[in-house]
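Here is the structure we will look at.
The values are calculated or read from the model by the stated rules, or taken from the named source; none is laboratory data. These numbers were taken from a predicted model, which means no experiment stands behind them. Every residue, glycine among them, receives a Cβ derived from its backbone with ideal geometry; neighbour counts consider all protein chains shown.
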Amino acid sequence: MAAVPPRKRSRAEQVVPTFASVEADVSTPRLSEEPQGPAPETSDYPIPNFEELYNKMRETDGGVAIEDRRWRLLTYQMCFVGSELVDWLVKNVEGNIDRTEAVELGQKLLDAGILHHVMRSEPFADDYYFYRFQEDEQTSVLNMKRVWDSTRKARYAVDVSVETITRLACLCEEHRRNILEKKVSTDPAAGEIDYAALARSE
């Protein structure tokens, strides 16, 4: 049996969302109505009383000692020692936690991306390992520095992605409509862009 060549859909058959329908989706919650699992509240995520505890960690006086440190001829900027953070957590966290529990809290902070090993190769440990807060990470990549802002409520990453993609779709749809309004040929039956006229207008 001879293969049937694919048929190109006509313009009327092409499914293109209208700008109004896409724009309306921007404010429509997708996952926030029925979230999967507990929402990551800033006050108790990733550990209880996180905002207050994090601010205390960052204090110049009484916080975790953050400084440039050397190890095997290499200098690691703006970092702290894992065992010193354990000491600080045991001293400052309410409930009289022991060092094992302090290590578990440190690992939760690491898993949440609040801090990381300077080589990103080790879990959190009660040892002479160097760690760095994400806020202190130096990067040359534009918009890659992440600063924890306790005034902003944490959101699901999927919700943020849906909102961003939807807004991009709105911009693309608006741009598409502008092109069609200005660059479509005068022949209504053609329904195609007049590329010759487009080239002359540039």
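General remarks:
- Taking every residue in region 166-194 that is on the phi > 0 side of the Ramachandran plot and pairing it with any residue that is modelled with pLDDT under 80 and exposed (fewer than 12 other Cβ atoms within 10 Å of the Cβ), at least 6 positions away or on another chain, the pairs with Cβ-Cβ distances below 6 Å are Gly191/Arg11.
- Residues located in region 97-117, provided they are closer than 14 Å to Asn49 by Cβ and without any contact (Cβ under 8 Å) to a residue 24 or more places away in the chain: Ile97
- Test: residue in region 139-155 that is surrounded by 12 or more Cβ atoms within 10 Å (Cβ to Cβ), at pLDDT below 90 and closer than 18 Å to Lys56 by Cα: yes
- Helices (runs of 4 or more DSSP H) wholly inside region 41-116 that include at least 3 residues being at pLDDT 90 or above and either of a type in the set (Lys, Arg) or under 21 Å from Asp127 (Cβ atoms) (or both): 82-92, 99-111
- When Phe133 is tested against the conditions (1) within 16 Å of Pro48 (Cβ to Cβ); (2) at pLDDT 90 or above; (3) within 25 Å of the chain's Cα centre (by Cα), the lone failure is (1).
- When residues in region 66-103 are screened for being among the acidic types (Asp, Glu) and under 15 Å from Tyr131 (Cβ atoms), 4 of them pass.
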